[in-house]
Structures are given as structure tokens and as C-alpha cells.
1. Please go through the range 66-101 and write out the GluC sites (Glu not before Pro) that DSSP classes as loop and that have at most 11 other C-beta atoms within 10 Å.
2. Where Lys and Arg each count +1 and Asp and Glu each count -1, what net charge lies around T35 among other residues with Cβ under 14 Å from its Cβ?
3. Within straight cross-link reach of K4, meaning Cα distance under 15 Å, which aspartates and glutamates are found once same-chain residues fewer than 8 apart are removed?
4. Find which of S51, A73, T24 sits farthest along the positive direction of the dipole of the range 4-100, computed with +1 on the beta-carbon of Lys and Arg, -1 on that of Asp and Glu, about the Cα centre.
Amino acid sequence: MIEKVVYICHEFGGKQENADRVATLVRELSNLYPTICFISPIHAFGFLYESTDYDRGMSYCLTLLDMCDEMWAFGEFSNSKGCLIEKEYCRKYKIPIVEKR
């Protein structure tokens, strides 16, 4: 049974290495926390990175974030422009942010 849905906040910038890092994170987290559904906006929308303007892409991410119970932000990888927008959205709409290292 899934107890909560967690949005993964991590820089992307169109870089495959970031998508790979998040894929590994989600695999590991899913094993550690089997009752949490982890959502990666990178994997949901990353394929649109080159074909969608930045604001539209962020609106997709924020719509997905709004459906989650909380957001986990991953240290130095959560200080990009997009991650800062996501953090501000969480503060505004009272979505808990869990800072991970």
C-alpha cells in the first residue's frame, strides 16, 4: 500500500548524467521506502526539454508537484533555477520539503 507520493527535486539542465543520477536515486529510495511512490519530473518531462519553452516545462513540473505529499531535495543538486522555483512553490502552498544529502 502506498502511503505517500514524494516529488524528487534535483537539477536537470538537459543533462543525461543528472537523469541517470535521479534514476539511480529513485531505484535506491524505492527499495528503502517501499510504501512511498517517488516521482521524478525529469523522467516525466525530460524528453520535452529541447522542444518546450522553460516556463511551460516548469508549469508541468509544478502541476506534478502539486499532486505530491512532499518534496525531497537532494543537497547541492537542488540549487538550480528550476529547483529554487519548486522550493518556493512548496513554501507558498505548504508542501513539506525534506532536505536530503
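Each value in this text was obtained by applying a stated rule to the coordinates, not by laboratory testing. None of these values were measured; they are calculated from a predicted model. With ideal geometry, Cβ positions are generated from the backbone for all residues, glycine too; neighbour counts draw on all protein chains shown.
1. Qualifying residues, ordered by number: none.
2. Values: positive: K4; negative: E3, D69, E70.
Within the 14 Å Cβ shell, the charges total -2.
3. In chain and number order, the partners are D66, D69, E70.
4. It is A73.
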